[in-house]
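The values are calculated or read from the model by the stated rules, or taken from the named source; none is laboratory data. Given the structure is predicted, the values throughout are model-derived calculations rather than measurements. Please note: Cβ atoms are built from the backbone with ideal geometry, for glycine as well, and neighbour counts cover all protein chains shown. Note: areas computed on protein heavy atoms with side chains; ligands, DNA, RNA excluded. Shrake-Rupley method; radii C 1.70, N 1.55, O 1.52, S 1.80 Å.
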Amino acid sequence: MANDRLRALEEVENQIATILQCAGNVVLELSKDKHNASFLDRQLSQFTGSVNRVETELSSQIRYLTQVATGQPHEGSTYSARKDCQMALNRAEYTRVKLGELGRTCEVMLDPQP
């Protein structure tokens, strides 16, 4: 799961490089006296597609991070289970201590006084 998220972020990085390359190509083409309209259209299409992919993936990453940060259950998280286990261990220890105290109290009450 973590590797998938890292790969997705690497792809976002590649798409951003593509966006910058397309923007540079458009600026270079526009600096010429005679523009190649079909080249500009292709670059614009590639630019727009890359921006949309980056936006979609970053939104997905933000949604995932929001789930993780707010403590909501999500795929791959063991935090909730570990927290529940720790709380159960704490309750068991508390119960053990209280039963020990109760046992000592019973012994004192049942022990005949000389």
Residue selected from region 62-93 under the condition assigned to a helix (DSSP H, G or I) and acidic (Asp, Glu), by the criterion modelled with the highest pLDDT: GLU93
SER59 under 20 Å from ALA2 (Cβ atoms), open to solvent by less than 60 Å² (accessible area, probe 1.4 Å) and free of Cβ contacts under 8 Å to residues at least 40 places away in the same chain: yes
Where HIS35 falls short, out of the listed (1) farther than 15 Å from GLU57 by Cα; (2) part of a helix (DSSP H, G or I): (2)
In region 24-51, the residues that are surrounded by fewer than 12 Cβ atoms within 10 Å (Cβ to Cβ) and among the hydroxyl-bearing types (Ser, Thr, Tyr): SER31, SER38, SER45
Residue under evaluation VAL12, criteria (1) open to solvent by 60 Å² or more (accessible area, probe 1.4 Å); (2) under 30 Å from THR78 (Cβ atoms); (3) not basic (Lys, Arg), criterion not met: (1)
